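Please treat every number below as a calculation from the coordinates, not as lab data. The structure presented is a predicted model; accordingly, all values stated were derived computationally and were not measured. Counting neighbours? That spans all protein chains shown, and the Cβs are built from the backbone with ideal geometry, glycine included.
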Amino acid sequence: MYVSIDKDVLDTRAAHTNWDQGGLDAQSLIHLFETVALRRSVIGADVCGELSPALPGLPTRQEEEAAQKNESVNLALLNVWRRITVRPALPRPAGPPSPRRFLPGAGL
């Protein structure tokens with residue numbers, strides 16, 4: 001399963017976008033994403049719905065504050081992703097590493 005999250009679903013207290021916004025709070029979105037990721041085999045995700053400044057490269061103070069608020073939601077979602085998908089590395093066998101073997105025409 002691939003999950004696409006559009007921050008337009010969030011209430012303006014949680015994030016600011018350039019579109020009409022919903023009424024979902026950030027904690028509910030994060031909980032929903034975590035629940036889906038724990039119950040399904042999620043292979044990837046994306047987050048959209050950023051605020052585009054009226055003058056690219058010259059954001060107003062309000063636009064900068066909105067960007068910081070949006071980034072906090074992005075980071076919270078990323079932390080869920082990391083917590084769910086990052087698994088501890090398997091221990092390597094003791095001894096010297098085995099030599100790499102290349103087969104003709106097999107690529108690298």
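Using +1 on the beta carbon of Lys and Arg, -1 on that of Asp and Glu, and nothing else charged, what's the dipole of region 5-71 about the Cα centre, debye to 20?
The calculated dipole for region 5-71 is roughly 220 debye.
Net charge near N79, counting Lys/Arg +1 and Asp/Glu -1 over other residues with Cβ under 15 Å of its Cβ?
Values: positive: R82, R83; negative: E34, E71.
It works out to a net charge of 0.
Search the structure for amide H atoms under 5 Å from the amide H of G22, placed 1.01 Å from N in the peptide plane, and list their residues when 5 or more places away or on another chain.
Residues meeting the amide H criterion: V9, L10.
With only alpha-carbon pairs counted, each pair once and no self-pairs, how large is the Kirkwood hydrodynamic radius of region 19-84 in angstroms? Can you show the working numbers first?
On the way: mean 1/r = 0.0740 Å⁻¹.
Radius from the Kirkwood sum: 13.5 Å.
Taking K and R as +1 and D and E as -1, what net charge do the other residues with C-beta under 15 Å from the C-beta of Q21 add up to?
Net of charged neighbours comes to -3.
Lys and Arg at +1, Asp and Glu at -1: add these up for the other residues within a Cβ distance under 11 Å of L10 and post the number.
Local charge sum for L10: -1.
Using modelled amide H (1.01 Å from N, peptide plane; none on Pro or chain starts), what sits under 5 Å from the amide H of A45, excluding residues fewer than 5 places away?
Here V3 satisfy the definition.
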